[in-house]
Amino acid sequence: HFRSLTYRNQGINIKTAGHIYKMLCRPMVEYGHIIFNSCRMPALNIIEVAERICLRKITKIRHPVNPLHNPANAYLYEKTGIEHILERFQRLSKNFVSKPVNLAIMEPLILKVPDNYTRRRQYPERTVYQNLLNQA
């Protein structure tokens with residue numbers, strides 16, 4: 001969808017592109033940020049890569065020395081002024097856990113792993129609720 005916002009050879013202003021990304025894309029990803037606490041790194045890497053691809057498509061930032069290459073990820077985040085997605089997830093989770101009302105609401109909704117269950121493949125190592133309590 002961002003192709004319609006960018007021109008053929010040049011992108012829109014970098015700060016404007018960052019604001020558009022924050023308004024349109026990021027809320028869709030952040031909606032389930034609590035669930036991502038129990039995800040493993042391959043799943044989180046997919047989210048990171050998708051964010052970087054989106055930012056590169058919007059801004060069309062090129063490497064400062066070699067324009068044929070993409071810039072470093074830190075350079076991309078610095079120029080757009082956007083917080084890294086995993087850091088944002090951690091900050092949102094800490095804000096969520098800091099309110100006891102949220103934990104009280106979530107506790108009865110979370111499936112607990114039975115203690116005597118032997119087949120561990122069906123269950124994650126820790127539940128989402130246990131991960132939230134560990135962050136508190």
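The values are calculated or read from the model by the stated rules, or taken from the named source; none is laboratory data. All figures in this text were calculated on a predicted structure; none of them were measured in a lab. Cβ: placed from backbone, ideal geometry, glycine included. Neighbour counts: every protein chain shown. These area figures cover heavy atoms from the full protein model, side chains too; ligands, DNA and RNA do not enter into them. Shrake-Rupley method; radii C 1.70, N 1.55, O 1.52, S 1.80 Å.
In nm², what is the average projected area of the convex hull enclosing the Cα atoms of segment 8-105?
Values: hull surface 29.6 nm².
Value for segment 8-105: 7.4 nm².
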### Message
With Kirkwood's inverse mean 1/r over C-alpha pairs for Rh, give me the Rg to Rh ratio of segment 59-102, two decimals please.
### Response
1.28
### Query
If you keep only loop residues by DSSP, which trypsin sites (Lys or Arg not before Pro) in segment 29-101 have at most 12 other Cβ atoms within 10 Å of their Cβ?
R40
### Carbon and sulfur %, accessible surface of segment 13-68 computed with the full protein complex present, 1.4 Å
69
### List E30, E51, ordered by accessible area with a 1.4 Å probe, largest first
E30, E51
